[in-house]
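The values are calculated or read from the model by the stated rules, or taken from the named source; none is laboratory data. Because the structure is predicted, anything quoted here is derived from the model rather than measured. Cβ placement follows ideal geometry from the backbone for every residue including glycine, while neighbour counts extend to all protein chains displayed.
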Amino acid sequence: MSTLVHEYDWPDRVVVGTVGRPGERTFYLQVRHGTRSTCVALEKEQSVLLAEKMDELLDELSADQNHPVTAPKEVPGELVDEDPLDEPVIEEFRSGAMSLGWDPRTAQILIEAFALEVPEEGDVLGAGEDAADEPSEMLRVRIPVGAARAFAQRTRQVAHAGRPICPLCARPVDPDGHVCNLLDDR
């Protein structure tokens, strides 16, 4: 099976955004170039980890005196993107594995998201089939270092805009109540 690759070099926009209310939000990695766009569903934790690792990679690039590219520490004002996701939000696939790296050929950050392959109920791998086969779809995006810093900042803001975290159990507090609140009321 060959993999359908949604590839973007120098996209107009790369953002993480959400659809739904806190506690029921779906996170999306959305990429647009011109009129073409791709939306990939993510878990909140994937979004947060992607932002953290992107900042770490940018800091490593900046700390390397021999590296030809220096990433900005602060997000350039012209790269701040606070707009909602572009409509319509049409999910191409749900991301499973993701990778983050540096593409020295283009001097850009490389993000790859691979489709989560969930076997249909009752499906059994046949002889010669391997669960590690190539995914059916993937997203490959290359972005400059300034845009990558802006992406990481926005992603953290989006992730933290959800439900507040309980100081007792470190889990999100639902608007309808929370188990730790019930324990405090006894």
Expected single match for surrounded by 12 or more Cβ atoms within 10 Å (Cβ to Cβ) and within 16 Å of the chain's Cα centre (by Cα) among Leu79, Leu61, Leu57 is Leu57
Taking the range 1-41 and keeping only residues that are without any contact (Cβ under 8 Å) to a residue 24 or more places away in the chain and of a type in the set (Asp, Glu), one is left with Asp12, Glu24
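To keep it simple, each residue is scored yes or no on (1) at pLDDT below 85; (2) hydroxyl-bearing (Ser, Thr, Tyr); (3) part of a helix (DSSP H, G or I).
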| site | (1), (2), (3) |
| --- | --- |
| Glu121 | yes, no, no |
| Gly128 | yes, no, no |
| Pro135 | yes, no, no |
| Met138 | no, no, no |
| Gly146 | no, no, yes |
| Phe151 | no, no, yes |
| Ala159 | no, no, yes |
| Ala170 | yes, no, no |
| Leu182 | yes, no, yes |
Conditions (1) at pLDDT below 95; (2) small (Gly, Ala, Ser); (3) surrounded by 16 or more Cβ atoms within 10 Å (Cβ to Cβ) -> Ser95 fails only (1)
